[in-house]
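The values are calculated or read from the model by the stated rules, or taken from the named source; none is laboratory data. This one's a predicted model, so the numbers in the text were calculated from it and none came from an experiment. Cβ: placed from backbone, ideal geometry, glycine included. Neighbour counts: every protein chain shown. We work out accessible area using only protein heavy atoms, side chains counted, and drop any ligands, DNA or RNA first. Shrake-Rupley method; radii C 1.70, N 1.55, O 1.52, S 1.80 Å.
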Amino acid sequence: MSPLDLLVATPLGFMLAALAFGGQGRWLILVASPLMMSLAVWLVFLPPDAAHVVGGWDLPLGILLRGDGVARVFVLGAALCAALVGLQALYEFSPQSGGPSARNRGFWPLFYLMWAGANAGFLTTDLFNLYVALEMVSLAGVGLSALGSLQAALRYFLFALMGSLAYLLGVALLFANYGTVDITLLARTAEADAATLMALAVMTGGLLVKSALFPLHGWLPPAHAAAPAPASALLSAIVVKLGFVILMRLWFEAFATLAAPIAVGLLGALGAAAVIYGSIQAMRQRQLKALVAYSTVAQVGYLFVAFPLVAAAPSAAWSGMTLHAVAHMLAKAAMFLAAGLMLKAAPGRDIADLVGLARVMPVTVTAFALAAISLMGLPPSGGFAAKFMLLDAALDQGAYIYAAVLLGGGLMAAVYLFRPIAVAFSGAHGRAVALKAPLAAVAPLALAMCAIALGFFGVAFAELAAIGAPWAQGDAIGGVP
Amino acid sequence: MLVEGGHVFAVTGAVLAGLGFYSFLVKRHPIRQLLAANVVGAGVFLMLGGLGRSPGGADPFAQALVITGIVIAVALSALGAAMVVRLAACGDKDEAPLGEKREGP
């Protein structure tokens, strides 16, 4: 046994247990959260070449799990998010919450399925295993968003299905061409022929749908805004990131030598468009959760603005890109949880309904504001450290347009995020009613503080993310024959 | 011959995938889109199987991939169909949380 397969197997076990225990299954999170957190921390402290073949089958039929730097930071970030979101969900989906009982029970198996799929996706570098992980996470994601709006979930489902099939088409082309679908092996043999480039194009297209990059983001705002708060938090924090991690592995590990500047530049341009479009849309929203959902569209844009920067100078921008992804995970999960609590107390769903909320629930509004600080990229926060690294790389390379987008995006984030905060602090006599559960604000506050604290550990984070990074000297890590 | 060996399957698969993708973009009804996605899936599996044929016979690794893929596609199609049915039962109302039992067809 190794933490690598336990990280995938444990949540699957909890999924089955949650199904078996039905209504009482929700208490399992009290065991699952500390257990998964300790597994993730164990992973972080494994020796740098940690790898494990599940069940001892020979490759390529066996499943190889590897703990490289990217896997470590994303597994740890996802564990923090899921553990705390799970504790919040214990309150949100309790029988006293007044929601339908099938919804209260249905959340938990989906939650654990998503966790297992995300960990599997972060830990494997086999393109077909990544397809399976992607489908696990999409299946759970569709289920989670169906807890809110079935119509939005169906739309998400159809988009996600086509995205996976496009990805699988690319896997088929690569397999026919090279006889392998392992990223490490592909990195050694890949050539820039028509089949490879076509495979890379269709896979990228499919994964961009999954990670909701503008203009393929259409399914995201309705699905994320309508879902219950813990489900929205997981969708924005973790589900969207898996597609991004696979894209990172494709463009910078498998095909780093083939990535043409034009293609990487196109991704960067789409990212910049996403930052601008998402921010403008977020400014225009009247409902709080729709604002937070459009903020995800904008924040995903930054991850792709980093693509051309990483392609030009990997060592500088790599840590900025991964740090931004993890900081967004923590901050956005905190923000969705806080927004969910604020809307429970407020008389309506609009931002205008938040009047006077800062007096009624100061801790929750503080959590929202701290998460906003990280999303805007104000110091000292994980979002700031990430943007600083990216900005530094952009200025070094003379990529002034991307630098302007990074700065302008932060400014626009400040504009749309200050709006709900300003309303919450205004007015002494709002119609908001305090919740009877003061402990409910602990999870969003803890997540937001983690996002802030990340700013103080930028260097340690960068070292962790660089373990076995593709641009580092020597061959990729792991015992790949 | 225009195409030889296993490539006749791969070319058929490519045509199916193209037809399915076109149909997915053109049709608006969710059932038709679900069917279109299934046609794309069939095309992709045919390509995977057809291109994975070596002169000595079928490649077991490619077969393992196709079988896994088909299982996933079946499960997802069932989920999609169930969602379409539930949505139709709820009428055009949005915000139809799962678990609120309504009279279905």
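Three semi-axes describe the equivalent ellipsoid of chain A; taken as square roots of 5 times the Cα gyration tensor eigenvalues and ordered largest first, they are 34, 26, 20 Å. Treating the range B:7-89 as a set of equal point scatterers at the Cα positions, no solvent, please give the Debye-formula log₁₀ I(q)/I(0) at q = 0.15, 0.26 Å⁻¹. Here log10 of I(q) over I(0) equals -0.59, -1.16.
Give me the percent of the accessible area of the protein assembly as shown that comes from carbon and sulfur atoms, probe 1.4 Å, all protein chains in place.
The value for the protein assembly as shown is 69 percent carbon and sulfur by accessible area.
Find the centroid of the Cα atoms in the range A:208-226 and in the range A:274-309, then give the distance between the two in whole Å. The two parts, judged by their Cα centres, are 10 Å apart.
Here the average projected area of the convex hull drawn through the C-alpha atoms of the range A:281-469 stands at 10.2 nm².
Taking all protein chains together and a probe of 1.4 Å, list A:V137, A:V363 from the most accessible to the least accessible. Present the calculation step by step, with values, prior to reporting the outcome.
Values: A:V137 5, A:V363 70 Å².
Sorted descending by solvent-accessible area, the residues read A:V363, A:V137.
Just tell me how shielded A:168-178 is by partners: mean number of partner chain Cβ atoms within 10 Å of each residue's Cβ, no decimals. Mind showing how you got there, number by number?
Details: counts 11, 10, 1, 4, 18, 6, 0, 8, 11, 1, 0.
What the average comes to for A:168-178 is 6.
The count of lysine pairs in the range A:281-469 with alpha-carbon distances below 23 Å, taking only pairs 8 or more places apart or on different chains, stands at 6. Relative to the longest principal axis of the Cα atoms of chain A, the long axis of helix A:362-376 lies at roughly 30 degrees.
Take A:Y91: with every protein chain present and a 1.4 Å probe, its accessible area is about 70 Å².
Which values, in whole Å and largest first, are the semi-axes of the equivalent ellipsoid of the range A:207-280 obtained as the square root of 5 times each eigenvalue of the Cα gyration tensor?
26, 15, 8
Here's the picture: a label point sits 7 Å out from the Cα of A:L197 along the beta-carbon direction, and within the range A:250-273 the residues with their amide nitrogen under 13 Å of it are A:258-264. Rolling a 1.4 Å probe over the heavy atoms of the protein chains gives the protein assembly as shown an accessible area of 38 Å² per residue. Here the label points at A:V31 and A:F45, each 7 Å from Cα along the C-beta direction, are separated by 2.4 nm in the simple model. In sequence order, the range A:3-17 has phi-based couplings of x, 5, 7, 5, 5, 8, 6, 4, x, 5, x, 5, 4, 5, 5 Hz under the Karplus curve 6.51 cos²θ - 1.76 cosθ + 1.60, θ = phi - 60°, and Gly or Pro positions carry x. Helix content alone sets the calculated 222 nm mean residue ellipticity of the protein assembly as shown: runs of n ≥ 4 DSSP H residues at -39500 (n - 2.57) each, divided across all residues, give -23500 deg cm²/dmol.
If you fit an axis through the alpha-carbon atoms of helix A:69-92 and take the longest principal axis of the Cα set of chain A, what angle between them do you get, 0 to 90°, nearest 10? Helix A:69-92 and the main axis of chain A meet at about 30 degrees. Proximity of backbone amide H atoms, modeled 1.01 Å from N, is registered between A:R431 and no other residue at under 5 Å, excluding neighbours fewer than 5 places apart on the same chain. Computed 3J(HN,Hα) for the range A:103-116, one whole-Hz value per residue from the Karplus formula 6.51 cos²θ - 1.76 cosθ + 1.60 where θ = phi - 60°, is 5, 4, 7, x, 4, 5, x, 5, 4, 5, 4, 4, 5, 4, glycine and proline marked x. Taking the longest Cα principal axis of chain A as reference, the axis of helix A:150-178 is set at about 10 degrees. In this structure, the amide hydrogen of A:I63, modeled 1.01 Å from its nitrogen in the peptide plane, lies closer than 5 angstrom to those of A:V54, A:W57, counting only residues at least 5 positions away or on a different chain.
Scalar couplings 3J(HN,Hα) for the range B:69-83, obtained by applying the Karplus form with A = 6.51, B = -1.76, C = 1.60 to θ = phi - 60°, are x, 5, 4, 4, 5, 4, 4, 5, 4, 4, 4, x, 4, 4, 5 Hz; x denotes Gly and Pro.
When chains A and B come together, the accessible area they lose, probed at 1.4 Å and totalled over both chains, is close to 3200 Å². Neighbouring Cβ atoms from other chains, within 10 Å of the Cβ of residues in B:27-37, number 2 on average.
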